[in-house]
């Protein structure tokens with residue numbers, strides 16, 4: 001496969017991931033949490049890098065494309081860990097302990113809490129949440145970027 005096709009596949013894969021996320025959000029009614037939003041930024045960067053790399057095939061652009069895919073895969077892994085309770089997520093989107101808080105402080109926390117929590121799995125398929133699928137697919141996209149780099 002040619003370098004151009006690999007770049008196009010990798011960037012198109014990120015575009016498909018973003019379109020899928022927006023479809024789940026706007027058509028499926030699944031509001032994204034903070035970590036879901038974070039996972040979108042590297043995909044947007046990969047799309048832009050791919051668009052430029054199609055016309056200016058600099059190796060650095062391909063390396064940055066792979067890094068963007070790996071970044072969103074890493075955020076996806078972190079998000080899966082939060083969903084599974086392996087570690088805590090950002091305090092702004094994860095449920096915390098209630099003990100030791102007076103009622104006024106607890107009420108203030110409830111009123112300030114976001115509506116969407118990062119530690120809830122809103123959708124899953126074949127045992128993987130959206131964050132898990134983002135991680136798996138993004139690792140494959142990183143592989144495409146590396147293949148494009150090596151096909152020079």
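Running a GNM on the chain with Cα contacts under 10 Å, which residue among 50, 29, 89 ends up with the highest mean-square fluctuation? Maximum fluctuation in the GNM of the chain, among the listed residues, is at 29.
Taking the longest Cα principal axis of the chain as reference, the axis of helix 103-112 is set at about 30 degrees. Kirkwood's formula applied to the C-alpha pairs of the chain gives a hydrodynamic radius of 16.6 angstrom. Between residue 126 and residue 63, the simple label model (points 7 Å from Cα in the Cβ direction) yields a spacing of 3.4 nm. Assuming a viscosity of 1.306 mPa s and a temperature of 10 °C, what translational diffusion coefficient in µm² per second does Stokes-Einstein assign to the range 1-84, Rh being the Kirkwood radius over Cα pairs? The diffusion coefficient I find is 118 µm²/s.
Throughout, read-outs are computed from the coordinates displayed, never taken from laboratory work. The model shown is predicted, which means the values in this text are computed figures rather than measured ones. Cβ: placed from backbone, ideal geometry, glycine included. Neighbour counts: every protein chain shown.
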